[in-house]
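The values are calculated or read from the model by the stated rules, or taken from the named source; none is laboratory data. Keep in mind it's a predicted model, so treat the numbers as computed, not measured. Methodologically, a virtual Cβ is constructed for each residue, glycine included, from the backbone with ideal geometry; neighbour enumeration extends over all protein chains shown.
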Amino acid sequence: MSIPPPPGPHQPQEPQPSAQPPYPHPYPYQPWGQGYSPYNRPAPVNALAIASLVLGILCCVPALGLLFGLIALGQIRRKGERGKGMAIAGSVLSSVGLALWVLVLATNGISAFWSGFKEAAQDNGSAYTLTKGECFDAPDGSLEGVAYDVDKVPCAGRHDGEVFAAFKMSGSAAYPGDEKVTRSADTRCYALRYVYAMDVWAVPADVDVYYLTPTRQSWRYGDREVTCVFGSTEDGGSLTGSLRNDGRSLDADQIAYLNAVNIENKALDTQPVHGPDDDLPGSTDWAARMSAALDEEARTLRGHTWPSGARGPVAAVAKEVETIRKQWARAAAATDADGFYAAYDRIMVLSTPGRSVTARKALGLATTPPSGDARDGGGGGGGDTSELQV
């Protein structure tokens with residue numbers, strides 16, 4: 001918003017002689033030539049008084065408007081400047097605005113405002129309105145940076161992203177910071193992908209997890225939602241067809257098998273950033289989680305009643321899982337990096353995809369292991385995933 005300059009003194013009824021002709025000026029009157037003025041110049045208008053009035057009218061930063069108004073009143077008294085009325089009006093309007101903001105925060109009105117915003121944006125291609133199962137194109141084809149406008153498109157064709165989950169973060173009115181928001185999104189989205197795409201062998205190798213998170217500004221208005229998205233890791237890459245495979249397309253035996261092996265997948269996702277050379281306690285804790293997960297996986301596989309053609313192959317997978325579990329237990333008990341690596345190397349030797357392929361074929365699941373991966377455990381896609389993940 002621009003503020004026009006304050007009006008100057010009125011012209012006298014009869015113009016006075018001047019050595020030079022009047023010159024153009026943005027005000028609606030012709031000022032006197034330099035060096036001659038029959039009237040005293042008026043005091044300038046205090047700039048903070050103008051700012052206070054503007055902020056008070058807009059009610060965008062009421063606390064600042066009130067502060068400017070109070071400072072302006074003090075300056076006007078000391079310097080004899082004009083603008084007292086504007087300073088008072090700005091202070092009053094800002095005080096009212098500040099009281100309303102406090103009331104809104106106290107009554108969760110901000111959340112209500114954000115809900116209304118999302119409803120208004122529902123049909124206008126907003127990234128804030130994406131829901132599970134929807135596919136979209138980003139304006140520049142990138143799933144990185146700040147996104148607002150997206151084009152929702154059918155999942156059957158080419159698209160930049162597919163939404164597979166969403167969740168709300170808890171927290172106060174204060175923004176928790178980019179690092180905490182990203183860490184929460186990363187942890188939850190990677191875990192939630194197994195609910196939407198249960199068979200990680202059916203997820204292309206160039207697909208990874210992305211997420212849309214609240215910004216510092218949207219958090220202020222009640223935005224707490226994180227949207228989890230599948231996207232291609234290739235430059236200019238895209239997806240074709242939906243990656244969804246869950247209870248809508250899988251039978252009970254397929255779901256039972258995938259639920260079992262995904263116990264291992266989720267534990268693999270908790271691999272620490274640093275290896276045993278730099279973080280032995282973190283690595284041994286991870287190995288302990290892996291041992292517990294594989295124990296549960298083996299019991300789950302043995303506890304289900306499988307079709308006759310799948311009983312033998314699934315039993316072989318359960319036996320392999322139990323053998324590998326013992327090596328993870330050894331890694332968890334390691335007292336130095338060499339001991340951890342000895343157990344880990346043994347795990348890599350024992351991990352073979354053959355038994356999983358046989359069981360998957362009997363159950364009608366995907367049978368091509370993602371490249372570079374060893375067994376039926378692990379998450380699909382690229383990114384910073386464990387070398388055991390598939």
Evaluate the following for G275: is it closer than 14 Å to Y257 by Cβ and surrounded by fewer than 17 Cβ atoms within 10 Å (Cβ to Cβ)? no
In the set D295, D278, D338, D285, which member is in a loop (DSSP other than H, G, I, E, B) and without any contact (Cβ under 8 Å) to a residue 60 or more places away in the chain? D278
Starting from segment 218-229, take each residue that is under 13 Å from M169 (Cβ atoms) and list its partners that are among the β-branched types (V, I, T) and modelled with pLDDT of 90 or more, counting only C-beta distances under 8 angstrom and pairs at least six apart or across chains. V226/V181; T227/V163; C228/V163; C228/V209
Kindly provide the set of residues from segment 203-224 that are outside any loop (DSSP other than H, G, I, E, B) and not hydrophobic (A, V, I, L, M, F, W, C), ordered by number. D208, Y210, Y211, R216, Q217, S218, R220
Determine which member of the set V273, V261 is outside any loop (DSSP other than H, G, I, E, B) and either under 30 Å from R158 (Cα atoms) or not assigned by TED's automatic domain parsing to the domain that holds S170 (or both). V261
Quick one: which of T182, T227, T187 is modelled with pLDDT under 95, assigned by TED's automatic domain parsing to the domain that holds R158, of a type in the set (S, T, Y) and part of a strand (DSSP E or B)? T227
Check off (1) under 28 Å from P307 (Cα atoms); (2) not β-branched (V, I, T); (3) not assigned by TED's automatic domain parsing to the domain that holds S283 for G222 and give me the number that stays unchecked. (1)
